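J.: The structure under discussion is supplied below as structure tokens; questions concerning it will follow.
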Amino acid sequence: MTMLLSQKYEIFPTQEQKEMLERWLQYCRQTYNSALLDKQRKYKENKQSYTRSDMQKQQAIDKKRYPFLKEVPSQPLQEVFLRLKKAYDGFFRGDANYPKMKKYKEYNSLTFTQFGCKPNGKHRYAMSFADNGKLYNKRLGEIDILLHRSIEGTIKQFIIKRQSKRWYAIFSVERQAVPSSFVMEHAIGIDVGLNKYAVLSNEMSVENPRFLRQKEKQLKKAQRNLSKKKKGSANYNQQVERIRNLHEKVANQRKDFLHKLSYYLTQMYSVICMGNLDIRNMVRNRKVSKSISDVGWGAFRNMLSYKCEKVGGLLVKVDPAYTSQDCSGCGNRVKKSLSIRTHICAKCGTVLDRDHNASLNILRKGLEQLCVRAAED
Ligand SMILES: [Zn+2]
């Protein structure tokens, strides 16, 4: 599989270069904040959307009005809007708070979407290597970089980052990579869902504990009973006690089930990849909310997390986007509604249970993240 890895190196800008980089960061941050304000204002005034291309048009105007903006290479200055878009996407997915203005300490990097020489070989992008191996930009000049190991792969993106008092260059490189067979053998992907409690990438599936649903009927009946009784009477108090016991029983059974399952998984596997479920978002959807609060995914994830830590394993939380759509065989995106339970890929012929396909995607994504993490360390 191809993987995008990050390789990080310390760079040593001169005082003058630092000042210029600081200015660039400041202009980018101001651009971010003013685009955010424009977006909010347009929405407030007449529910008008303000897209990335609108922002870019505005930027062209701003550049004429404020020539200092021209000092910043256009790639990081435009990439600002992509960050804003991601902030909004995260918010709408429910995994992030509403985007806020960025303070000095919250805007620390400049992203160059291209690096090196243009395909014609004659011209350079804004950032490249000089012949002597230093970093080069025409305004900054040459910057010293400590290449403590070689860059392997094709450079897809380049970031300059300020981290407290130091500066770093981060290369995103694309590389063909195969996780070691040890990791493969000891890793598992888990797709949790409503149909089955969990489907594992080894084709095992864990049935959904429906005990709460059953107990729920009993609870409802007991509640109804309670309403018929006179408040404060002996019968009433007895019924309250009965309901409390029922609740406790359910909670204990659920905890027991989750402890056993998480214990088993952490004993069997040293790398566990799980979709980073947006529980808030799903609970908002009322149709499924009852069963979700039954099954306690959040509690399950916490148990996995600390049990993994205890035995030296690793829980990798994976962005669940498209894990049920994409083909685990070839990556082809096969759109399907929730009711379609089988994944059928016309491109490569893969036919799999929907959740099993998802668990395989979760495993692959998790392993990719691991490799990226290893490269960043
Ligand atoms: Zn396929």
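J.: If packing is taken as the average number of other Cβ atoms within 10 Å across a peptide's residues, how do 200-207, 344-351 rank, most packed first?
T.: Working: 200-207: 15.9, 344-351: 12.8.
Output ranking for 200-207, 344-351: 200-207, 344-351.
J.: Arrange HIS123, HIS343 by Cβ neighbour counts within 10 Å, fewest through most, would you?
T.: On the way: HIS123 9, HIS343 24.
The most exposed by this proxy come first: HIS123, HIS343.
J.: Quick one: if you stick a label point 7 Å off each Cα along the C-beta vector at SER6 and GLN253, how many nm between them?
T.: My value for the distance between the label points is 4.5 nm.
J.: Further question: Can you find, among MET184, VAL199, TYR136, the residue farthest towards the positive end of the dipole of the stretch 125-267? Put +1 on the C-beta of Lys and Arg, -1 on that of Asp and Glu.
T.: Result: VAL199, furthest along the dipole toward the positive end.
J.: Using a 10 Å cut-off on Cβ atoms, rank the peptides 147-153, 364-370, 12-18 from the highest mean neighbour count down.
T.: On the way: 147-153: 11.9, 364-370: 21.0, 12-18: 14.1.
Listed from highest to lowest mean packing, they are 364-370, 12-18, 147-153.
J.: For the pair GLU309 and LYS221, what calculated FRET efficiency results from E = 1/(1 + (r/R0)^6), where r is the Cβ-Cβ distance and R0 = 56 Å, to the nearest 0.05?
T.: Values: r = 42 Å, r/R0 = 0.75.
The formula returns an efficiency of 0.85 here.
J.: Based on other C-beta atoms within 10 Å, arrange ASP131, ASP355, ASP191 from fewest to most. Intermediate results must be reported in sequence, preceding the final value.
T.: Values: ASP131 7, ASP355 23, ASP191 29.
Ordered from fewest to most neighbouring Cβ atoms within 10 Å, ASP131, ASP355, ASP191 come out as ASP131, ASP355, ASP191.
J.: Starting with the fewest neighbours, write out ILE170, ILE159 ranked by other beta-carbon atoms found within 10 Å of each beta-carbon. Intermediate values should be presented prior to the final figure.
T.: Values: ILE170 16, ILE159 20.
So the ranking, lowest neighbour count to highest, is ILE170, ILE159.
J.: So for the pair GLN58, ARG93, with labels modelled 7 Å out along Cα→Cβ, what separation do we get in nm?
T.: Distance between label points: 2.4 nm.
J.: For LYS255, go through the lysines and keep the ones whose alpha-carbon is under 26 Å away, minus same-chain ones fewer than eight residues off.
T.: Leaving aside lysines fewer than 8 places away in the same chain, those within reach of LYS255 are LYS196, LYS215, LYS217, LYS220, LYS221, LYS287, LYS290, LYS307, LYS310, LYS317.
J.: Calculate for the chain the 222 nm mean residue ellipticity that helices alone would give, adding -39,500 (n - 2.57) per DSSP H run of length 4 or more and normalising by residue count, nearest 500 deg cm²/dmol.
T.: Details: 10 runs with 178 residues, N = 377.
Calculated mean residue ellipticity at 222 nm is -16000 deg cm²/dmol.
J.: Could you list which residues have their amide H under 5 Å from that of LEU314, counting only those 5 or more apart in sequence or on another chain, with H placed in the peptide plane?
T.: Excluding prolines and chain starts, which carry no amide H, the hits are VAL271, ILE272.
J.: List the cysteines of the chain that have no other Cys Cβ closer than 4.7 Å: which are they?
T.: CYS28, CYS117, CYS273, CYS308, CYS371
J.: For the chain, what D do you get in µm² per second when you plug the Kirkwood radius from alpha-carbon pairs into Stokes-Einstein at 4 °C and 1.567 mPa s?
T.: Numbers: Rh = 24.9 Å.
Rounded to a whole number, D works out at 52 µm²/s.
J.: For the chain, modelled as a Gaussian network with Cα springs under 10 Å, which listed residue fluctuates most, GLN114, GLN75, GLN163?
T.: GLN163
J.: To continue, here is another question. Of the listed peptides 56-63, 221-228, what is their order by residue-averaged count of other C-beta atoms within 10 Å, with the highest listed first?
T.: Working: 56-63: 13.5, 221-228: 12.0.
In decreasing order of mean packing, 56-63, 221-228 become 56-63, 221-228.
All of the numbers you see were taken from the coordinates with simple rules; none came from a lab. Predicted, not measured: the structure shown is a model, and the values here were computed from it. So basically every Cβ, Gly included, is an ideal-geometry build from the backbone, and we count neighbours across all protein chains shown.
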